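Below: the structure, in structure tokens.
Just so you know, all these numbers are worked out from the coordinates, no wet-lab data involved. Just so you know, these numbers come straight off a predicted model, no measurement behind them. With ideal geometry, Cβ positions are generated from the backbone for all residues, glycine too; neighbour counts draw on all protein chains shown.
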Amino acid sequence: MVLAGISVLIIEDEALIAMELEMAVENAGASIVGPIGRLDEGVKAAQERVVDVALLDIDLGGQESFPIADILIERGVPFVFHTGHGQRHEIAKLYPEILVCTKPTGLPCLIDALSKLSHPPT
């Protein structure tokens, strides 16, 4: 289990995708915070919850999750953007150090990305 002992914050507003992500991340051994589909709830979770890594959809019902991303960066929590909206190069300008996985992304790819973030090379 590549994510054993890791806690993952999942921010995703599409219910079916959120359920799929939750199952895949749990099956990889992680504990889940979320999934959370609203910006206000995501901001609160990013401020208050202790997590090892996060997976962020950018478009949350027409609101961008960038405030959540900014909080996670302030707290030193690594994350991956998982989005079907926006252009990679535009996101890269705002968040040059953050991996962007464009939907649809295979679940093994996302699990691998989260694993690399939670176990950085030494």
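Quick one: if you stick a label point 7 Å off each Cα along the C-beta vector at Lys103 and Glu20, how many nm between them?
Modelled inter-label distance: 0.9 nm.
Can you give the local net charge around Asp57? Use residues other than it whose beta-carbon is closer than 12 angstrom to its beta-carbon, Lys and Arg +1, Asp and Glu -1.
Residues near Asp57 contribute -3 overall.
Residue-wise, which Karplus ³J(HN,Hα) couplings in Hz belong to region 109-115, taking 6.51 cos²θ - 1.76 cosθ + 1.60, θ = phi - 60°, and x for glycine or proline?
Each residue of region 109-115 in turn: 5, 5, 4, 4, 4, 5, 4 Hz.
Sequence gap at least 6, Cα distance under 8 Å: using those rules, report the relative contact order of the chain to the nearest whole percent.
26
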